[in-house]
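A short worksheet on the structure shown next.
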Amino acid sequence: MPDQTLTRRSAVKLAGAALAAPAIQSLKGANQTVSFGIIGTGSRGSYLLKHLKGIDNGHCTAVCDINPDNLQHGYDTIGTNPTKYKDYRDLLNRKDIDAVIIATPLFVHFPVTRDALLAGKHTFCEKSLVFKPEEVHALRALASQCSNQILQVGLQRRYSVFYQTVKEMVDKGVLGNVTHIQAQWNRNPGWKMKPNPDPAKQKMQNWRLYRDCSGGLAAELASHQVDVADWMFGSVPEYVVGVGGHDYIFDGRDINDNVQVIIKYPKNQKFIGTYISTNSHLAMFNSTRTEFGELIMGTEGSVEITIGDDTHPALAVWFREPAQPHVTTAGGGEKKWQAGATMVAAGSQKGFPIMMYRDEVGPNDSFVDREMKFGRRWLYTKGIATPEEPRNPVDIELESFFNNCRDGQRPKANVDVGLADSTTVILSNLAFDEGRRVYFSEMEKMGRDEKGNDSKPKHA
Ligand SMILES: NC(=O)c1ccc[n+]([C@@H]2O[C@H](COP(=O)([O-])OP(=O)(O)OC[C@H]3O[C@@H](n4cnc5c(N)ncnc54)[C@H](O)[C@@H]3O)[C@@H](O)[C@H]2O)c1
(Lines give C-alpha, C1' and ligand atoms only; values in the text may rest on other atoms or scores of the structure.)
Protein backbone atom coordinates (compact mmCIF):
# COMPACT_ATOMS: atom_id res chain seq x y z
CA MET A 1 0.00 0.00 0.00
CA PRO A 2 1.42 3.46 -0.83
CA ASP A 3 2.32 5.93 1.90
CA GLN A 4 -0.86 7.90 2.43
CA THR A 5 0.24 10.24 5.17
CA LEU A 6 0.55 13.95 4.75
CA THR A 7 3.84 14.35 6.55
CA ARG A 8 5.42 17.63 7.65
CA ARG A 9 7.80 17.25 4.74
CA SER A 10 5.01 16.86 2.22
CA ALA A 11 3.16 19.76 3.84
CA VAL A 12 6.28 21.87 3.24
CA LYS A 13 6.36 20.54 -0.31
CA LEU A 14 2.74 21.60 -0.70
CA ALA A 15 3.60 25.07 0.52
CA GLY A 16 6.54 25.14 -1.90
CA ALA A 17 4.21 24.17 -4.68
CA ALA A 18 2.37 27.42 -4.06
CA LEU A 19 5.49 29.31 -5.10
CA ALA A 20 6.31 27.05 -8.00
CA ALA A 21 2.94 26.06 -9.42
CA PRO A 22 3.10 22.70 -11.22
CA ALA A 23 3.53 22.77 -14.97
CA ILE A 24 0.11 21.87 -16.36
CA GLN A 25 0.15 19.49 -19.26
CA SER A 26 -0.92 22.04 -21.85
CA LEU A 27 -3.58 21.08 -24.33
CA LYS A 28 -2.56 22.38 -27.71
CA GLY A 29 -5.90 22.94 -29.40
CA ALA A 30 -9.41 23.60 -28.23
CA ASN A 31 -10.54 20.48 -30.02
CA GLN A 32 -7.69 18.26 -28.94
CA THR A 33 -8.57 14.97 -27.35
CA VAL A 34 -7.56 14.85 -23.69
CA SER A 35 -5.04 12.10 -22.98
CA PHE A 36 -5.92 10.56 -19.62
CA GLY A 37 -4.85 7.83 -17.24
CA ILE A 38 -7.09 6.08 -14.74
CA ILE A 39 -5.93 5.08 -11.27
CA GLY A 40 -8.00 2.37 -9.62
CA THR A 41 -9.71 0.00 -12.05
CA GLY A 42 -11.86 -1.94 -9.58
CA SER A 43 -15.63 -1.90 -9.69
CA ARG A 44 -16.17 1.85 -10.21
CA GLY A 45 -13.04 2.40 -12.31
CA SER A 46 -14.11 -0.32 -14.73
CA TYR A 47 -17.65 1.05 -14.83
CA LEU A 48 -16.24 4.47 -15.73
CA LEU A 49 -14.02 2.87 -18.38
CA LYS A 50 -17.08 1.20 -19.90
CA HIS A 51 -18.65 4.66 -20.24
CA LEU A 52 -15.36 6.30 -21.29
CA LYS A 53 -15.23 3.93 -24.27
CA GLY A 54 -18.09 5.86 -25.85
CA ILE A 55 -16.69 9.33 -25.16
CA ASP A 56 -14.77 11.01 -27.98
CA ASN A 57 -13.02 13.92 -26.27
CA GLY A 58 -10.81 11.77 -24.01
CA HIS A 59 -8.34 9.04 -24.90
CA CYS A 60 -7.19 6.49 -22.33
CA THR A 61 -3.38 6.35 -22.47
CA ALA A 62 -2.68 4.49 -19.22
CA VAL A 63 -4.37 2.36 -16.58
CA CYS A 64 -3.10 1.71 -13.05
CA ASP A 65 -4.08 -0.62 -10.24
CA ILE A 66 -2.18 -2.45 -7.52
CA ASN A 67 -4.40 -5.47 -8.08
CA PRO A 68 -3.25 -7.28 -11.26
CA ASP A 69 -6.67 -8.82 -12.01
CA ASN A 70 -8.44 -5.47 -11.73
CA LEU A 71 -5.69 -3.85 -13.81
CA GLN A 72 -6.18 -6.37 -16.58
CA HIS A 73 -9.95 -5.95 -16.40
CA GLY A 74 -9.61 -2.17 -16.77
CA TYR A 75 -7.20 -2.65 -19.67
CA ASP A 76 -9.59 -5.04 -21.44
CA THR A 77 -12.61 -2.82 -20.80
CA ILE A 78 -11.26 0.33 -22.45
CA GLY A 79 -9.64 -1.47 -25.37
CA THR A 80 -7.29 1.38 -26.39
CA ASN A 81 -4.11 -0.57 -25.60
CA PRO A 82 -3.15 1.72 -22.69
CA THR A 83 0.12 1.25 -20.77
CA LYS A 84 -0.40 -0.66 -17.54
CA TYR A 85 1.07 0.60 -14.25
CA LYS A 86 1.18 -0.83 -10.76
CA ASP A 87 2.55 2.33 -9.12
CA TYR A 88 0.44 5.41 -9.82
CA ARG A 89 3.50 7.67 -9.51
CA ASP A 90 4.92 6.15 -12.69
CA LEU A 91 1.70 7.03 -14.49
CA LEU A 92 1.86 10.60 -13.13
CA ASN A 93 5.41 10.94 -14.48
CA ARG A 94 4.14 10.59 -18.04
CA LYS A 95 4.32 13.97 -19.73
CA ASP A 96 1.88 12.96 -22.47
CA ILE A 97 -0.94 12.47 -19.94
CA ASP A 98 -3.07 15.59 -19.41
CA ALA A 99 -5.58 14.30 -16.92
CA VAL A 100 -6.23 11.52 -14.42
CA ILE A 101 -9.36 9.83 -13.19
CA ILE A 102 -9.12 8.44 -9.67
CA ALA A 103 -11.37 5.60 -8.53
CA THR A 104 -9.39 4.20 -5.62
CA PRO A 105 -10.91 3.48 -2.18
CA LEU A 106 -11.77 6.57 -0.12
CA PHE A 107 -8.70 6.38 2.12
CA VAL A 108 -6.51 6.55 -1.01
CA HIS A 109 -8.28 9.53 -2.62
CA PHE A 110 -6.27 12.29 -1.00
CA PRO A 111 -2.69 11.06 -1.57
CA VAL A 112 -3.36 10.27 -5.23
CA THR A 113 -5.28 13.52 -5.84
CA ARG A 114 -2.52 15.51 -4.14
CA ASP A 115 0.20 13.86 -6.21
CA ALA A 116 -1.80 14.21 -9.43
CA LEU A 117 -2.29 17.95 -8.87
CA LEU A 118 1.38 18.37 -7.96
CA ALA A 119 2.27 16.55 -11.19
CA GLY A 120 0.27 19.17 -13.10
CA LYS A 121 -2.61 16.89 -14.10
CA HIS A 122 -6.24 17.85 -14.40
CA THR A 123 -7.94 15.59 -11.89
CA PHE A 124 -11.28 13.85 -11.58
CA CYS A 125 -11.65 12.05 -8.25
CA GLU A 126 -14.57 9.91 -7.26
CA LYS A 127 -16.77 10.87 -4.30
CA SER A 128 -16.51 11.25 -1.40
CA LEU A 129 -13.62 13.55 -2.23
CA VAL A 130 -11.58 13.21 0.97
CA PHE A 131 -11.64 11.08 4.11
CA LYS A 132 -10.15 13.07 7.03
CA PRO A 133 -10.44 16.65 8.31
CA GLU A 134 -6.71 17.22 7.67
CA GLU A 135 -7.31 16.33 4.04
CA VAL A 136 -10.17 18.85 3.73
CA HIS A 137 -7.77 21.66 4.70
CA ALA A 138 -4.82 20.36 2.69
CA LEU A 139 -6.80 19.84 -0.49
CA ARG A 140 -8.48 23.23 -0.22
CA ALA A 141 -5.05 24.87 0.02
CA LEU A 142 -3.58 22.82 -2.79
CA ALA A 143 -6.55 23.37 -5.11
CA SER A 144 -6.27 27.12 -4.75
CA GLN A 145 -2.58 26.89 -5.57
CA CYS A 146 -3.39 24.78 -8.65
CA SER A 147 -6.34 26.90 -9.73
CA ASN A 148 -5.45 26.53 -13.41
CA GLN A 149 -6.05 22.82 -13.17
CA ILE A 150 -9.47 21.23 -13.26
CA LEU A 151 -10.45 19.35 -10.11
CA GLN A 152 -13.79 17.59 -10.41
CA VAL A 153 -15.52 15.20 -8.03
CA GLY A 154 -17.69 12.27 -9.12
CA LEU A 155 -21.05 13.62 -7.93
CA GLN A 156 -22.90 12.83 -11.13
CA ARG A 157 -26.34 14.12 -10.10
CA ARG A 158 -25.01 17.62 -10.80
CA TYR A 159 -24.75 16.54 -14.46
CA SER A 160 -28.27 15.11 -14.76
CA VAL A 161 -30.75 17.07 -16.88
CA PHE A 162 -33.56 15.93 -14.55
CA TYR A 163 -31.81 17.22 -11.44
CA GLN A 164 -30.89 20.44 -13.22
CA THR A 165 -34.54 20.92 -14.20
CA VAL A 166 -35.65 20.38 -10.61
CA LYS A 167 -33.02 22.83 -9.38
CA GLU A 168 -34.51 25.38 -11.79
CA MET A 169 -38.00 24.62 -10.46
CA VAL A 170 -36.75 25.15 -6.91
CA ASP A 171 -35.00 28.42 -7.77
CA LYS A 172 -38.02 29.77 -9.68
CA GLY A 173 -40.36 28.97 -6.78
CA VAL A 174 -42.42 26.39 -8.67
CA LEU A 175 -42.43 24.21 -5.54
CA GLY A 176 -43.05 27.20 -3.25
CA ASN A 177 -40.73 27.40 -0.29
CA VAL A 178 -38.65 24.21 -0.28
CA THR A 179 -38.28 23.34 3.37
CA HIS A 180 -37.40 19.63 3.52
CA ILE A 181 -35.69 16.93 1.52
CA GLN A 182 -36.19 13.30 2.48
CA ALA A 183 -33.81 10.75 1.04
CA GLN A 184 -33.13 7.08 1.38
CA TRP A 185 -30.65 4.56 0.09
CA ASN A 186 -31.73 1.37 1.75
CA ARG A 187 -30.58 -2.08 0.73
CA ASN A 188 -31.41 -5.65 1.57
CA PRO A 189 -28.98 -7.16 2.02
CA GLY A 190 -26.38 -4.44 2.48
CA TRP A 191 -22.74 -4.81 1.49
CA LYS A 192 -21.32 -8.31 1.87
CA MET A 193 -17.86 -9.21 3.17
CA LYS A 194 -15.85 -10.95 0.45
CA PRO A 195 -13.57 -13.57 1.98
CA ASN A 196 -9.87 -13.78 1.07
CA PRO A 197 -7.28 -15.97 2.85
CA ASP A 198 -4.67 -13.18 2.60
CA PRO A 199 -5.51 -10.63 5.36
CA ALA A 200 -4.06 -7.65 3.43
CA LYS A 201 -6.05 -8.54 0.32
CA GLN A 202 -9.12 -9.21 2.43
CA LYS A 203 -8.87 -5.71 3.89
CA MET A 204 -8.32 -3.99 0.54
CA GLN A 205 -11.09 -5.96 -1.13
CA ASN A 206 -13.54 -5.06 1.64
CA TRP A 207 -12.21 -1.57 2.44
CA ARG A 208 -15.76 -0.13 2.62
CA LEU A 209 -16.48 -2.18 5.73
CA TYR A 210 -13.60 -0.88 7.86
CA ARG A 211 -13.55 2.48 9.57
CA ASP A 212 -9.86 3.08 8.99
CA CYS A 213 -10.42 2.94 5.23
CA SER A 214 -14.01 4.05 4.78
CA GLY A 215 -16.62 6.57 5.85
CA GLY A 216 -19.23 3.77 5.72
CA LEU A 217 -22.80 4.41 4.58
CA ALA A 218 -22.45 8.17 5.00
CA ALA A 219 -19.52 8.39 2.60
CA GLU A 220 -20.57 5.74 0.13
CA LEU A 221 -24.31 6.46 -0.15
CA ALA A 222 -25.46 9.55 1.74
CA SER A 223 -22.77 11.73 0.14
CA HIS A 224 -24.67 11.81 -3.18
CA GLN A 225 -27.94 12.85 -1.58
CA VAL A 226 -26.41 15.32 0.85
CA ASP A 227 -24.90 17.00 -2.18
CA VAL A 228 -28.36 17.22 -3.74
CA ALA A 229 -29.55 18.99 -0.56
CA ASP A 230 -26.59 21.41 -0.58
CA TRP A 231 -27.36 22.18 -4.22
CA MET A 232 -31.15 22.54 -3.92
CA PHE A 233 -30.94 24.57 -0.68
CA GLY A 234 -28.04 26.60 -2.11
CA SER A 235 -26.01 26.37 1.06
CA VAL A 236 -23.74 24.24 3.19
CA PRO A 237 -25.31 22.76 6.35
CA GLU A 238 -25.42 24.42 9.75
CA TYR A 239 -25.33 21.25 11.83
CA VAL A 240 -25.85 17.50 11.75
CA VAL A 241 -27.52 15.07 14.18
CA GLY A 242 -27.90 11.36 13.70
CA VAL A 243 -28.19 7.84 14.97
CA GLY A 244 -26.04 5.02 13.68
CA GLY A 245 -25.81 1.42 14.71
CA HIS A 246 -23.84 -1.71 14.04
CA ASP A 247 -26.79 -3.93 14.83
CA TYR A 248 -27.48 -6.62 12.25
CA ILE A 249 -24.46 -7.77 10.25
CA PHE A 250 -21.57 -9.32 12.19
CA ASP A 251 -18.99 -10.54 9.71
CA GLY A 252 -15.89 -8.70 10.95
CA ARG A 253 -16.88 -5.23 9.71
CA ASP A 254 -16.66 -2.34 12.13
CA ILE A 255 -18.78 0.26 10.30
CA ASN A 256 -22.43 0.94 11.12
CA ASP A 257 -24.90 -1.13 9.11
CA ASN A 258 -27.71 1.40 9.52
CA VAL A 259 -27.61 5.17 9.91
CA GLN A 260 -30.17 7.97 10.03
CA VAL A 261 -29.11 11.55 9.63
CA ILE A 262 -30.86 14.92 9.95
CA ILE A 263 -29.03 17.94 8.62
CA LYS A 264 -30.15 21.46 9.40
CA TYR A 265 -29.44 24.22 6.91
CA PRO A 266 -29.13 27.91 7.80
CA LYS A 267 -32.64 28.89 6.57
CA ASN A 268 -34.20 26.18 8.75
CA GLN A 269 -34.42 23.73 5.87
CA LYS A 270 -33.79 20.10 6.80
CA PHE A 271 -32.42 17.04 5.05
CA ILE A 272 -33.54 13.70 6.48
CA GLY A 273 -31.68 10.66 5.21
CA THR A 274 -31.97 6.97 6.00
CA TYR A 275 -29.46 4.27 5.03
CA ILE A 276 -30.28 0.75 6.20
CA SER A 277 -29.19 -2.74 5.18
CA THR A 278 -32.31 -4.74 6.08
CA ASN A 279 -35.06 -3.46 3.77
CA SER A 280 -34.97 -1.97 0.26
CA HIS A 281 -38.58 -0.80 -0.18
CA LEU A 282 -38.99 2.63 -1.76
CA ALA A 283 -42.35 4.32 -1.26
CA MET A 284 -41.76 6.77 -4.15
CA PHE A 285 -42.70 6.24 -7.82
CA ASN A 286 -45.66 4.05 -6.85
CA SER A 287 -43.08 1.59 -5.47
CA THR A 288 -41.93 0.74 -8.99
CA ARG A 289 -38.32 1.27 -7.90
CA THR A 290 -36.36 0.13 -4.87
CA GLU A 291 -33.51 1.41 -2.69
CA PHE A 292 -32.82 5.06 -3.47
CA GLY A 293 -34.46 8.34 -4.29
CA GLU A 294 -35.00 11.85 -2.99
CA LEU A 295 -38.24 13.64 -2.17
CA ILE A 296 -37.97 17.42 -2.47
CA MET A 297 -40.77 19.07 -0.50
CA GLY A 298 -42.02 22.62 -0.88
CA THR A 299 -45.08 24.54 0.26
CA GLU A 300 -46.53 24.39 -3.28
CA GLY A 301 -45.41 20.98 -4.43
CA SER A 302 -42.99 18.08 -4.27
CA VAL A 303 -40.71 16.20 -6.59
CA GLU A 304 -39.78 12.54 -6.32
CA ILE A 305 -36.50 12.01 -8.10
CA THR A 306 -33.94 9.28 -8.63
CA ILE A 307 -30.87 9.07 -10.79
CA GLY A 308 -31.53 5.40 -11.45
CA ASP A 309 -28.85 3.14 -12.83
CA ASP A 310 -27.87 1.63 -16.16
CA THR A 311 -31.00 -0.54 -16.29
CA HIS A 312 -33.47 1.81 -14.59
CA PRO A 313 -33.05 5.31 -16.01
CA ALA A 314 -33.46 8.51 -14.05
CA LEU A 315 -37.00 9.48 -13.19
CA ALA A 316 -38.62 12.60 -11.75
CA VAL A 317 -42.29 13.12 -10.88
CA TRP A 318 -43.83 16.39 -9.74
CA PHE A 319 -46.85 16.61 -7.41
CA ARG A 320 -48.73 19.81 -6.70
CA GLU A 321 -49.85 20.41 -3.13
CA PRO A 322 -53.60 19.94 -2.74
CA ALA A 323 -55.62 23.16 -2.79
CA GLN A 324 -56.51 24.34 0.70
CA PRO A 325 -59.97 22.98 1.58
CA HIS A 326 -62.86 25.43 1.74
CA VAL A 327 -65.33 25.13 4.63
CA THR A 328 -68.77 26.56 5.00
CA THR A 329 -69.33 28.72 8.07
CA ALA A 330 -72.52 28.78 10.16
CA GLY A 331 -73.75 31.85 8.30
CA GLY A 332 -73.44 30.07 4.95
CA GLY A 333 -70.37 32.04 3.94
CA GLU A 334 -67.27 30.31 2.72
CA LYS A 335 -63.90 30.77 4.29
CA LYS A 336 -60.64 29.24 3.33
CA TRP A 337 -59.33 28.03 6.62
CA GLN A 338 -60.72 27.31 10.04
CA ALA A 339 -58.36 27.55 12.94
CA GLY A 340 -58.33 24.50 15.14
CA ALA A 341 -60.44 22.35 12.83
CA THR A 342 -59.24 18.96 11.74
CA MET A 343 -59.53 18.74 8.01
CA VAL A 344 -58.88 16.08 5.52
CA ALA A 345 -56.98 17.61 2.66
CA ALA A 346 -57.95 16.78 -0.91
CA GLY A 347 -57.53 13.21 -2.11
CA SER A 348 -54.42 11.69 -3.54
CA GLN A 349 -52.55 13.71 -6.10
CA LYS A 350 -51.61 12.57 -9.53
CA GLY A 351 -47.98 13.13 -10.33
CA PHE A 352 -46.80 14.87 -13.48
CA PRO A 353 -43.71 13.42 -15.06
CA ILE A 354 -41.09 16.10 -15.51
CA MET A 355 -40.57 16.58 -19.23
CA MET A 356 -37.26 16.69 -20.97
CA TYR A 357 -36.55 19.38 -23.54
CA ARG A 358 -36.88 16.74 -26.25
CA ASP A 359 -40.58 16.55 -25.32
CA GLU A 360 -41.19 20.29 -25.52
CA VAL A 361 -43.07 21.38 -28.62
CA GLY A 362 -41.28 24.26 -30.35
CA PRO A 363 -42.33 26.64 -33.14
CA ASN A 364 -39.82 25.12 -35.57
CA ASP A 365 -40.95 21.52 -35.09
CA SER A 366 -42.21 19.73 -38.17
CA PHE A 367 -45.74 18.33 -38.17
CA VAL A 368 -44.39 14.80 -37.58
CA ASP A 369 -42.13 15.95 -34.70
CA ARG A 370 -45.02 17.73 -33.02
CA GLU A 371 -47.28 14.72 -33.35
CA MET A 372 -44.57 12.47 -31.90
CA LYS A 373 -44.05 14.82 -28.97
CA PHE A 374 -47.77 15.10 -28.29
CA GLY A 375 -47.97 11.30 -28.51
CA ARG A 376 -45.12 10.85 -26.03
CA ARG A 377 -46.61 13.36 -23.62
CA TRP A 378 -49.98 11.61 -23.79
CA LEU A 379 -48.26 8.31 -22.96
CA TYR A 380 -46.50 9.96 -20.00
CA THR A 381 -49.74 11.38 -18.59
CA LYS A 382 -51.39 7.96 -18.87
CA GLY A 383 -48.44 6.39 -17.07
CA ILE A 384 -47.74 4.15 -20.08
CA ALA A 385 -44.28 5.64 -20.67
CA THR A 386 -41.95 7.84 -18.65
CA PRO A 387 -39.65 10.60 -19.89
CA GLU A 388 -36.02 9.56 -19.92
CA GLU A 389 -32.80 11.48 -19.56
CA PRO A 390 -31.33 11.97 -22.99
CA ARG A 391 -27.97 10.62 -21.74
CA ASN A 392 -26.57 8.89 -18.70
CA PRO A 393 -25.25 11.61 -16.32
CA VAL A 394 -22.03 9.60 -15.91
CA ASP A 395 -21.32 10.11 -19.62
CA ILE A 396 -22.10 13.79 -19.27
CA GLU A 397 -19.87 14.26 -16.18
CA LEU A 398 -16.91 12.59 -17.93
CA GLU A 399 -17.36 14.43 -21.21
CA SER A 400 -17.79 17.67 -19.29
CA PHE A 401 -14.55 16.99 -17.38
CA PHE A 402 -12.59 16.68 -20.63
CA ASN A 403 -14.30 19.79 -22.05
CA ASN A 404 -13.30 21.71 -18.92
CA CYS A 405 -9.71 20.46 -19.25
CA ARG A 406 -9.73 22.21 -22.63
CA ASP A 407 -11.81 25.31 -21.94
CA GLY A 408 -10.64 25.90 -18.35
CA GLN A 409 -14.20 26.35 -17.05
CA ARG A 410 -14.93 25.42 -13.46
CA PRO A 411 -16.75 22.08 -13.18
CA LYS A 412 -20.27 21.93 -11.76
CA ALA A 413 -19.03 19.35 -9.22
CA ASN A 414 -15.98 21.41 -8.27
CA VAL A 415 -13.63 21.24 -5.30
CA ASP A 416 -15.84 23.42 -3.07
CA VAL A 417 -18.81 21.17 -3.77
CA GLY A 418 -16.68 18.10 -3.05
CA LEU A 419 -15.13 19.42 0.16
CA ALA A 420 -18.47 20.61 1.55
CA ASP A 421 -19.86 17.16 0.82
CA SER A 422 -16.91 15.39 2.48
CA THR A 423 -17.19 17.70 5.48
CA THR A 424 -20.82 16.73 6.02
CA VAL A 425 -19.92 13.04 5.70
CA ILE A 426 -17.16 13.39 8.30
CA LEU A 427 -19.44 15.34 10.66
CA SER A 428 -22.29 12.85 10.21
CA ASN A 429 -20.04 10.00 11.31
CA LEU A 430 -19.00 12.07 14.31
CA ALA A 431 -22.66 12.73 15.13
CA PHE A 432 -23.39 8.96 15.06
CA ASP A 433 -20.38 8.18 17.26
CA GLU A 434 -20.71 11.00 19.76
CA GLY A 435 -24.51 11.33 19.82
CA ARG A 436 -24.44 15.09 19.66
CA ARG A 437 -25.21 18.01 17.38
CA VAL A 438 -22.11 18.60 15.26
CA TYR A 439 -21.74 22.03 13.68
CA PHE A 440 -20.37 22.46 10.17
CA SER A 441 -18.13 25.22 11.47
CA GLU A 442 -16.35 22.69 13.74
CA MET A 443 -14.42 21.54 10.69
CA GLU A 444 -12.37 24.72 10.90
CA LYS A 445 -10.83 23.48 14.18
CA MET A 446 -10.66 19.79 13.29
CA GLY A 447 -7.47 18.40 11.82
CA ARG A 448 -5.50 21.34 13.23
CA ASP A 449 -3.40 21.69 16.36
CA GLU A 450 -4.21 24.17 19.15
CA LYS A 451 -2.24 26.86 17.31
CA GLY A 452 -4.44 26.38 14.23
CA ASN A 453 -1.72 24.67 12.20
CA ASP A 454 -2.74 21.78 9.99
CA SER A 455 -1.91 18.49 11.65
CA LYS A 456 -0.78 15.37 9.93
CA PRO A 457 -3.39 12.84 8.84
CA LYS A 458 -3.18 9.38 10.38
CA HIS A 459 -4.16 6.48 8.17
CA ALA A 460 -4.16 2.74 8.56
N1 LIG B 1 -19.99 8.10 -8.15
C2 LIG B 1 -20.55 6.95 -7.86
O3 LIG B 1 -21.74 6.74 -8.04
C4 LIG B 1 -19.70 5.83 -7.31
C5 LIG B 1 -20.18 4.52 -7.35
C6 LIG B 1 -19.36 3.51 -6.84
C7 LIG B 1 -18.14 3.82 -6.28
N8 LIG B 1 -17.72 5.10 -6.24
C9 LIG B 1 -16.45 5.45 -5.61
O10 LIG B 1 -15.37 4.92 -6.36
C11 LIG B 1 -14.28 4.60 -5.50
C12 LIG B 1 -13.84 3.16 -5.75
O13 LIG B 1 -14.89 2.28 -5.39
P14 LIG B 1 -14.94 0.80 -5.96
O15 LIG B 1 -16.29 0.27 -5.67
O16 LIG B 1 -14.49 0.78 -7.37
O17 LIG B 1 -13.87 0.06 -5.07
P18 LIG B 1 -13.02 -1.22 -5.51
O19 LIG B 1 -12.43 -1.77 -4.29
O20 LIG B 1 -13.85 -2.12 -6.35
O21 LIG B 1 -11.89 -0.61 -6.45
C22 LIG B 1 -10.84 0.19 -5.97
C23 LIG B 1 -9.61 -0.17 -6.76
O24 LIG B 1 -8.54 0.70 -6.38
C25 LIG B 1 -7.36 -0.07 -6.36
N26 LIG B 1 -6.34 0.62 -5.57
C27 LIG B 1 -6.23 0.75 -4.23
N28 LIG B 1 -5.14 1.47 -3.89
C29 LIG B 1 -4.55 1.80 -5.06
C30 LIG B 1 -3.38 2.53 -5.38
N31 LIG B 1 -2.61 3.05 -4.43
N32 LIG B 1 -3.04 2.66 -6.67
C33 LIG B 1 -3.81 2.12 -7.64
N34 LIG B 1 -4.93 1.41 -7.41
C35 LIG B 1 -5.29 1.27 -6.12
C36 LIG B 1 -7.80 -1.41 -5.78
O37 LIG B 1 -6.87 -2.44 -6.04
C38 LIG B 1 -9.13 -1.61 -6.49
O39 LIG B 1 -8.97 -2.28 -7.71
C40 LIG B 1 -14.78 4.85 -4.07
O41 LIG B 1 -14.35 6.09 -3.63
C42 LIG B 1 -16.29 4.85 -4.22
O43 LIG B 1 -16.95 5.64 -3.27
C44 LIG B 1 -18.46 6.11 -6.75
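The values are calculated or read from the model by the stated rules, or taken from the named source; none is laboratory data. What you see is a predicted model, and the numbers here were worked out from it, not measured in a lab. Note that we place each Cβ from the backbone using ideal geometry, even for glycine, and neighbour counts take in every protein chain shown. Areas reflect the complete protein model, heavy atoms only, side chains present, ligands, DNA and RNA absent. Shrake-Rupley method; radii C 1.70, N 1.55, O 1.52, S 1.80 Å.
Projecting the Cα atoms of V226, N279, I263 onto the dipole axis of region 220-304, where Lys and Arg carry +1 and Asp and Glu carry -1 at the beta carbon, places I263 farthest toward the positive end. Among the listed pairs K121/K445; K203/K412; K121/K203; K192/K350, those with a Cα-Cα distance over 32 Å are K203/K412; K192/K350.
Computed with a 1.4 Å probe on the full set of protein chains, the accessible area for E444 sits at about 100 Å². Legend: calculated FRET efficiency, T290 to N148, from the Cβ-Cβ distance at R0 = 56 Å, rounded to 0.05, equals 0.80. Starting from the amide H of G58, placed 1.01 Å from N in the peptide plane, find each other amide H under 5 Å away whose residue is 5 or more places distant or on another chain. Excluding prolines and chain starts, which carry no amide H, the hits are V34.
Shape call for region 168-245 from the C-alpha gyration tensor, a ≥ b ≥ c root eigenvalues: rounded (a/c under 1.5), prolate (a/b greater than b/c) or oblate? Verdict is prolate for region 168-245.
The equivalent ellipsoid that matches the C-alpha gyration tensor of region 136-196 spans semi-axes of 29, 27, 12 angstrom, in descending order. The protection proxy used here, the mean number of other Cβ atoms lying within 10 Å of each residue, ranks peptides 108-115, 210-217, 285-292, 197-204 as follows, highest first: 108-115, 210-217, 285-292, 197-204. If you plug the beta carbon distance of E300 and T83 into 1/(1 + (r/R0)^6) with R0 = 60 Å, you get a FRET efficiency near 0.60. Ordering of 367-373, 433-439 by packing is 433-439, 367-373, highest average first (other Cβ atoms within 10 Å, averaged per residue).
Bridging of K172 to aspartates and glutamates at a Cα separation below 15 Å is possible for E300, once same-chain residues fewer than 8 apart are set aside. The residue list M204, L217, V174 was ranked by how far each Cα lies along the charge dipole of region 154-229 toward its positive end, using unit charges on Cβ atoms, and M204 comes out on top. Amide H contacts under 5 Å for H180: K270, M297, restricted to partners 5 or more places along the chain or on a different chain, H placed in the peptide plane at 1.01 Å from N.
If R0 is 22 Å, the Cβ-Cβ spacing of I272 and Q324 corresponds to a FRET efficiency of close to 0.30.
Potential lengthening of the chain between H281 and R410 amounts to 42.7 nm, from the contour at 0.36 nm per residue minus the alpha-carbon distance.
In a simple Cβ point-charge model (Lys, Arg +1; Asp, Glu -1; nothing else charged), region 106-169 has a dipole of about 120 debye relative to its Cα centre. Residues whose amide H lies under 5 Å from that of D257, counting only those 5 or more places away or on a different chain, are G245, H246, D247, Y248; hydrogens are built 1.01 Å from N in the peptide plane. For the peptides 89-96, 412-419, 125-132, the ranking by mean Cβ contacts within 10 Å, running from highest to lowest, is 125-132, 412-419, 89-96.
Placing +1 on the Cβ of every Lys and Arg and -1 on the Cβ of every Asp and Glu, with nothing else charged, gives region 397-458 a dipole about its Cα centre of roughly 120 debye. Extending 7 Å from the Cα toward the beta-carbon at both V368 and A141 defines two label points whose distance is 6.3 nm. Averaged over its residues, region 97-171 has an accessible area of 19 Å² per residue, based on protein heavy atoms and a 1.4 Å probe. Would you give the gap between the C-alpha center of region 147-221 and the C-alpha center of region 88-142, rounded to a whole Å? Between the Cα centre of region 147-221 and that of region 88-142, the gap is 18 Å. Each Lys and Arg Cβ is given +1 and each Asp and Glu Cβ -1; about its Cα centre, region 86-211 then shows a dipole of about 440 debye. Taking one quarter of the surface of the convex hull spanned by the alpha-carbon atoms of region 81-207 gives a direction-averaged projected area of 12.4 nm². Element breakdown for region 113-228 at a 1.4 angstrom probe: carbon and sulfur atoms account for 50% of the accessible area. Full extension of the chain between D309 and D254 gives 17.0 nm of extra length, using 0.36 nm per residue less the Cα-Cα distance. Residues in region 264-278 near a label at V241, defined as backbone nitrogen under 19 Å from the 7 Å Cα→Cβ point? Only 264-275 pass the distance filter.
Accessible surface for region 230-313, divided over its residues, is 43 Å² per residue with a 1.4 Å probe.
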